[in-house]
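Notes to accompany the following structure.
The values are calculated or read from the model by the stated rules, or taken from the named source; none is laboratory data. Quantities reported herein were computed from a predicted structural model and do not represent experimental measurements. Please note: Cβ atoms are built from the backbone with ideal geometry, for glycine as well, and neighbour counts cover all protein chains shown. With ligands, DNA and RNA removed, areas are computed over all heavy atoms of the protein, side chains included. Shrake-Rupley method; radii C 1.70, N 1.55, O 1.52, S 1.80 Å.
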Amino acid sequence: MQRDPRAFLWDARESALAIQSFTAGMNAATYAGNPMAQAAVERKFEVIGEALNQLAKLDAAVAARIPDLPQIVAFRNQLIHGYATVNVGTVWNITQSALPSLIDAVQTLLDELE
C-alpha cells in the first residue's frame, strides 16, 4: 500500500521541528561539545532526507517544489554512508541556515494538500 505524499511531508516537517527543538539555546560551540545533540540532529536529518527521497519517488511534481531536494538527499546519504567524515560545523550551519526555509516549504505544501 502506497503512503500518502502528505505523510512524507509530515515526517520531514516533524523531524525539522525536532532539530530546532534539540538545538534551541545552543551556539556552534555548545553543539560541537554535545555528542547526544549531534546524534539526535543527524538522525533527524537522515529521516528528512529519506522522507523527501521517498516523496520524490511517489510524487515527483510535489517533490520538485522543495528547494534543494537533491542536496537534502545527498546530505542524508553523507550522514549515513560517510558517517566517519561528517563535519559537526557543517551540520550546525545547515541547521541554522537551511532548515528554516525547508520547514516553510514543507509547511506550504502541507497546507496546499489539506
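Key figures for this structure:
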read-out	value
Residues that are polar (S, T, N, Q), assigned to a helix (DSSP H, G or I) and at pLDDT 95 or above, drawn from region 52-99	Asn53, Gln54, Gln71, Asn77, Gln78, Thr90, Asn93, Thr95, Gln96, Ser97
Output for region 1-57, where each listed residue is polar (S, T, N, Q) and either at positive phi or in contact (Cβ under 8 Å) with a residue 40 or more places away in the chain (or both)	Gln2, Gln20, Thr23, Gln38, Gln54
Any chance Ala16 is surrounded by 12 or more Cβ atoms within 10 Å (Cβ to Cβ) and touching a Leu at 6+ places or on another chain (Cβ under 6 Å)	yes
Qualifying residue in region 92-112 (condition: acidic (Asp, Glu), open to solvent by 60 Å² or more (accessible area, probe 1.4 Å) and either at positive phi or in contact with a strand residue (DSSP E or B) (Cβ under 9 Å, 6 or more places away or on another chain) (or both))	no
Single unsatisfied condition, Asn53 versus (1) open to solvent by 20 Å² or more (accessible area, probe 1.4 Å); (2) more than 21 Å from Pro5 (Cβ to Cβ)	(2)
